[in-house]
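Structure first, commentary second.
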Amino acid sequence: MGKTLRIAQVFRQERALLGKAVSVQGWVRTRRDSKVGVSFVELNDGSCLRNLQVVVATDQPDLALLLPRISNGCSLLVEGTLTASPGREQSVELLATRIHVYGEANPATYPLQKKRHSFEYLRQIGHLRPRTNTLGAVARVRNRLSFAIHQFFQEREFLYIQTPIITASDCEGAGEVFRVTTLKPEDMAGGDGENIYRKDFFGKPTYLTVSGQLQAEIYALALGNVYTFGPTFRSENSNTSRHLAEFWMVEPEMAFCDLDGDLQTAEALIKAMVQVVFSDCAEDLAFFNRFIEPSLAGELQKTLSEPMEVLPYEEAVRILQNSGEAFQFPVSWGSDLQAEHERYLTEKLFKRAVALIHFPRAIKPFYMRVNDDEQTVAAMDILVPRIGEIIGGSQREERLDHLLDQMRLKGIGEEDYRWYIELRQYGSVPHSGFGLGLERLVQYLTGVGNIREAIPFPRTPGHADF
Ligand code: 4AD
Ligand code: MG
């Protein structure tokens, strides 16, 4: 018996394997017994969306004996001969010669039925949901994207930098941080504010990172173009379909680069990710297009073929004010755009990705470069249909005096950011970067409506299973 193949390999090599001995292992999706003395077992091993049809001849006593143990969810090793299938549903099937049941799954209690389950239900059985078509397909796309992100940057000579997960700075300044502490509740009792943290593990307050940007800047200002790609944490209490408390972000940081260069890299990255899903995840994409989001393939095709719309914030505000739409939140210069405004721009007006640039400085973090108008910063938010913001980035303030002004205005203590200031005192250069949320990218490319389906183990307010 040859070595065991993944089912995706069997399909890829099916012509060469016809008539040959093949063995596979996986989990049963369904079993169907026909009257003519055969049972059909649909086997899936997660390597691809398609199941391999296993044909079990019930006139073989040793196989027939096993059949009662074979039901949805049980795990099998199947050895057999690959043959052309007379059925219309599949090109090949495996005529079983030997079956080993690794583990049974009691049909009376197995939580996954053949019918379609709601995503809400599947979230309650997070340990079994990767066995469904949709979550399996999402996992494969997410895997391919993660690798493609590295490929994209490595091919462009960006260095991969691992930035810390435990930090002492709050990059976005939004205060939505998780504290990291080894202090016990009794240590905290009667504590005198921040002083209590002198007794803590690091001798000062520390947090889970909200972004690796500031540390990536350190390396960009020594090595040129770098990127960091890892988990980030935000305690924002927003129970929406686009927010997680733990999510993955890829953050390139480019030295000698202005906002235009930043926009170009971001657009190239998005297009490369769409391209890789078209070329390497075609079967899963077709599934998403059929069962999850019917506009998906057409929309992604447009993303590939059309240039991204670039629009100054000021102009976007004007467009929204004159749109004649009845928005729930009024739009005025100086306010953050709401989801309804983003949707109008991407879904109704432009019908594709839109990059908004040059936001009021008051609504953006301290590190963004102040424009000559002194009112706006060289920021960019890239919005896409269905999701809204998928990328946030900016040119960084590289001028010492402007940076100090910004920090004063935002109430950021110079002592805590001495190192960041020094980077502007010694060999400062124009530099830019952005952050792309992996889960929002996965949502965009698979059509899953809720971000909880775009990550294996979602963390949201009140939920941290496993
Ligand atoms: O716009 P944000 O907050 O930008 C930064 O953190 C910058 N420091 C990035 C940089 O310039 N290096 O976040 C970037 C992206 C968002 O556009 C979004 O895709 C994703 O991160 N994101 C989230 N994804 C899921 N859940 C959340 N709570 C998210 N917050 C941000
Ligand atoms: Mg943002």
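The values are calculated or read from the model by the stated rules, or taken from the named source; none is laboratory data. Computed from a prediction, not measured in an experiment: that's the story for all the values here. Neighbour counts are summed over all protein chains in view; Cβ atoms, including those assigned to glycine, are modelled from backbone coordinates with ideal geometry.
Couple of notes before you dig in:
- Residues in region 129-161 that are farther than 18 Å from Met254 by Cβ and exposed (fewer than 14 other Cβ atoms within 10 Å of the Cβ): Asn143, Phe147.
- Checking each residue in region 205-237 for being part of a loop (DSSP other than H, G, I, E, B), buried (at least 20 other Cβ atoms within 10 Å of the Cβ) and among the small types (Gly, Ala, Ser) picks out Ser211, Gly212.
- Arg440 being of a type in the set (Lys, Arg) and either away from ligand 2 (no atom under 16 Å from the Cβ) or farther than 18 Å from Phe229 by Cα (or both): no
- For region 407-435, a residue qualifies if it is assigned to a loop (DSSP other than H, G, I, E, B) and either closer than 29 Å to Ile270 by Cβ or within 16 Å of ligand 1 (Cβ to nearest atom) (or both), and the qualifying residues are Ile412, Val429, Pro430.
- Checking Gly449 against (1) part of a helix (DSSP H, G or I); (2) within 19 Å of the chain's Cα centre (by Cα); (3) farther than 22 Å from Thr232 by Cβ, the condition it does not meet: (1)
- Residue in region 271-285 that is touching a residue at least 24 places away in the same chain (Cβ under 8 Å), within 16 Å of ligand 1 (Cβ to nearest atom) and under 28 Å from Trp419 (Cα atoms) present: no
- Leading residue by the ranking (nearest to ligand 1 (Cβ to nearest atom)) among those in region 374-397 that are assigned to a loop (DSSP other than H, G, I, E, B) and in contact with a strand residue (DSSP E or B) (Cβ under 7 Å, 6 or more places away or on another chain): Glu397
- Single residue of region 387-437 satisfying the filter (among the polar types (S, T, N, Q) and within 18 Å of Ala174 (Cβ to Cβ)) that is nearest to ligand 2 (Cβ to nearest atom): Ser394
- All positions within region 106-162 that are out of contact with any helix residue (DSSP H, G or I) (no Cβ under 7 Å at 6 or more places or on another chain) and of a type in the set (D, E, K, R): Lys114, Lys115, Arg116, Glu120, Arg131, Glu155, Arg156, Glu157
- Some residue of region 157-180 being on the phi > 0 side of the Ramachandran plot and not small (Gly, Ala, Ser): yes
- Scanning region 170-191 for residues that are more than 11 Å from ligand 1 (Cβ to nearest atom) and part of a loop (DSSP other than H, G, I, E, B) yields a count of 10.
- When each of Phe350, Phe359 is tested for being within 16 Å of ligand 1 (Cβ to nearest atom), among the aromatic types (Phe, Trp, Tyr) and within 26 Å of Leu441 (Cα to Cα), the lone residue that passes is Phe359.
- No other residue among Ile391, Ile412, Ile357 is modelled with pLDDT under 95, within 29 Å of Ser332 (Cβ to Cβ), out of contact with any Lys or Arg (no Cβ under 6 Å at 6 or more places or on another chain) and not acidic (Asp, Glu) apart from Ile412.
- Of the residues making up region 134-162, those that are part of a helix (DSSP H, G or I) and either within 14 Å of the chain's Cα centre (by Cα) or not aromatic (Phe, Trp, Tyr) (or both) number 20.
- Among the conditions (1) more than 16 Å from ligand 1 (Cβ to nearest atom); (2) out of contact with any helix residue (DSSP H, G or I) (no Cβ under 6 Å at 6 or more places or on another chain), Thr167 misses just one, which is (1).
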